[in-house]
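Read the figures in this text as sums done on the coordinates, not as results from a lab. These figures come from a predicted structure and were not determined experimentally. Note: ideal-geometry Cβ built from the backbone for every residue, glycine included; neighbour counts use all protein chains shown.
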Amino acid sequence: MTKLIELLPKEYGFVVIILVLYCFLNFYITFHVGKARKKYNVFYPTLYASESENKDAKLFNCVQRGHQNSLETMPIFFMLMILGGFKHPSICAVLGIVYTVARYFYFTGYATGEPKNRIKLGGFFMPALLGLMLCTLSCGWSLLNQPASH
């Protein structure tokens, strides 16, 4: 393990820390879904409330959808942070912070019950994700262009 860590740039530590920070954000969002389940009487295993059965269905569904979208994009974010961070750890760290903060505002905006509120500040997650894609492509390109090893 020590050998692997020695191969990584020192700044890669920021990448690791931001990934854990995002995990805390996910716990925060999960907690709010649990609170919304109690508040709007939507019990497991029901994923989304039915508007014909629950007058608060839209409010609950917005909270749930904010969480679900966070889970849907998390593997992409993690993969891009881990791989792009090998070559560009500082840039990925900054983009990771932007992504994480934007995802917080995406969730809190969605949780208001008005879906368009998720985009105000939450929409910045997409440019951050695109930046991470570019960093990861750069890493891949560098690997393809390194001298052949024997």
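Details
- Spin-label pair TRP141/VAL94, simplified geometry with 7 Å Cα→Cβ offset, distance in nm: 1.8
- Relative contact order for the chain: 26 percent, from Cα pairs under 8 Å spaced at least 6 residues apart, divided by residue count.
- Charge dipole (debye, nearest 20) of the range 31-70; +1 at Cβ of Lys and Arg, -1 at Cβ of Asp and Glu: 180
- Neighbours of SER70 by Cβ distance under 12 Å: Lys/Arg scored +1, Asp/Glu scored -1, total +2.
- Of all the options PRO45, PRO127, PRO89, the one that moves most in a Gaussian network model of the chain with Cα springs shorter than 10 angstrom is PRO45.
- Of the trypsin sites (Lys or Arg not before Pro) found in the range 1-108, those that fall in a DSSP loop while having at most 14 other beta-carbon atoms within 10 Å are LYS10, LYS55.
- Which labelled figure in [x] 134; [y] 162; [z] 114 is volume of the Cα convex hull per residue in Å³, once derived from the coordinates: [x]
- Summing charges over all other residues whose Cβ lies under 11 Å from the Cβ of SER90, with Lys and Arg as +1 and Asp and Glu as -1, gives +1.
- Only Lys, Arg (+1) and Asp, Glu (-1) charged, at Cβ; the chain dipole about Cα centre in debye: 340
- Karplus 3J(HN,Hα) series, Hz, for the range 53-65 with 6.51 cos²θ - 1.76 cosθ + 1.60 (x for Gly, Pro): 10, 9, 5, 9, 4, 4, 4, 5, 4, 5, 5, 4, 5
- For the residues TYR44, TYR106, TYR22, a GNM of the chain with alpha-carbon springs under 10 Å puts the largest fluctuation on TYR44.
- Note on the chain: Lys pairs 8 or more places apart or on different chains, Cα atoms under 23 Å apart, count 13.
- Global geometry of the range 49-132, whether rounded, prolate or oblate, following the gyration tensor of its Cα atoms and the 1.5 cut on a/c: prolate
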